[in-house]
Ligand code: GDP
């Protein structure tokens, strides 16, 4: 996400830092680099112009803040302006005062509408809601089937209805939508997510049908699902949909593959509508509310510790982690079995790359973001395979793992003796390091707690 943009902006700041004194000339040069970085990221031209004007105004006329160096002040201005551009506060999701809350999903075919409908249902379920899904794409049976599969995978309610014997058209769409809402009420579902038909291009039939659905259902939310990777095309479609339907928000999908960020940085300014959620992968849980400040943190290389902590809070078994920390710091140390448990826990947080990219590029984790691309994810799997091939006794008493045992373990795990040796060496180093921390008193323990 945003890799290219992030790299270029950080380079601009680095050049600025390299200058001895901050002159108007230096600032102009940095602004030029920021402008190029934004344009290359496919940010809308007007957005870039406004943004640079605002930054220039503040940077050149800035009052001297003693707590920050001039470069840091410029970075702070860029940060604040980007957050403002993205909408400052996290946009709220609207619930009806009397359920069911109806959410109409709009978007072009392939934008990720069906996947996102499922993700939204899973997100609502996590928040204690009972969503019901319905697909009114009567033109493509495969699309209805796709939603059924998605609903099944997340154990969400879905209204299928009977479409046989009636021609595919708006009357059938309206009937299904009405029935689904009734079904939601009867079955006690408090939200209804309506996945609609997408088209390859905007056409008037599609818009008419959406307008009719809107009139029929009076939805609290009309979310436009846009593929972030299509850049300014996504922005233009959102603009058109908003003109016809008055959207309440936008969901940007495929942010995981969007290195540039042009759509993300332009869509709110151009449409006036907030991005409410982002999709970060194909799985149902690769979905999060859009927090402007965190996103800007990621773009500027400050990382996104908040989101990482939330993910950890949600996915990790706190008791297990505490138990591991206690053992690791104690005189006995942690066993290979404990180590494997921890690896499995970390894997729940996502790929190593994605975790490293959320760490700040300055401070104790400096360099981790840059290293992320070189990480071999398979290494994780190999280490786990090696430990799996050990007997329980070996896992709990590593000192008994002799040469012949190492050979057996390597064979069993499809690795080499060198790899087994390397793992055992690393394990021994880690044990020593943690034990040292255990002896090292509160400060170091606190530091570890922060990890
Ligand atoms: P629809 O035609 O708008 O309903 O689009 P789909 O929901 O069928 O999605 C189209 C493709 O995009 C599918 O292969 C999805 O798995 C994929 N997709 C959807 N959202 C994301 C996302 O956030 N990240 C990635 N990498 N793929 C996504």
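Computed from the coordinates by the stated procedures, all read-outs in this text should not be read as laboratory data. These figures come from a predicted structure and were not determined experimentally. Cβ sites come from the backbone with ideal geometry, for glycine too, and all protein chains shown count toward neighbours.
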Checking the structure you have, find out if any residue of segment 314-321 is within 15 Å of the chain's Cα centre (by Cα) and either away from the ligand (no atom under 16 Å from the Cβ) or part of a loop (DSSP other than H, G, I, E, B) (or both).
yes
Would you please name the residue that is surrounded by the fewest Cβ atoms within 10 Å (Cβ to Cβ), looking only at residues in segment 398-420 that are under 24 Å from residue 324 (Cβ atoms) and free of Cβ contacts under 8 Å to residues at least 24 places away in the same chain?
399
The listed residue being part of a strand (DSSP E or B) and within 16 Å of the ligand (Cβ to nearest atom), out of 132, 105:
105
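Let's see how each residue does on (1) out of contact with any helix residue (DSSP H, G or I) (no Cβ under 9 Å at 6 or more places or on another chain); (2) within 16 Å of the ligand (Cβ to nearest atom):
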{"residue": "206", "(1), (2)": "yes, yes"}
{"residue": "233", "(1), (2)": "no, yes"}
{"residue": "239", "(1), (2)": "no, no"}
{"residue": "253", "(1), (2)": "no, yes"}
{"residue": "284", "(1), (2)": "no, yes"}
Checking the conditions here, which among 40, 24, 29, 3 is in contact (Cβ under 8 Å) with a residue 12 or more places away in the chain and loosely packed, with under 13 Cβ neighbours inside 10 Å?
24
Can you tell me which residues in segment 108-129 are more than 16 Å from the ligand (Cβ to nearest atom) and in contact with a strand residue (DSSP E or B) (Cβ under 8 Å, 6 or more places away or on another chain)?
124, 125, 129
From the list 226, 259, which one is within 14 Å of the ligand (Cβ to nearest atom), over 12 Å from the mean Cα position of the chain (by Cα) and not in a loop (DSSP other than H, G, I, E, B)?
226
Among the listed residues 268, 244, 199, which satisfies the condition of being in contact with a helix residue (DSSP H, G or I) (Cβ under 8 Å, 6 or more places away or on another chain) and part of a loop (DSSP other than H, G, I, E, B)?
199
Do we find a residue being closer than 25 Å to residue 83 by Cα, assigned to a helix (DSSP H, G or I), free of Cβ contacts under 8 Å to residues at least 60 places away in the same chain and within 16 Å of the ligand (Cβ to nearest atom) anywhere in segment 297-307?
yes
Looking only at segment 150-163, count every residue that is under 22 Å from residue 175 (Cα atoms) and either within 16 Å of the ligand (Cβ to nearest atom) or assigned to a loop (DSSP other than H, G, I, E, B) (or both) and tell me the total.
7
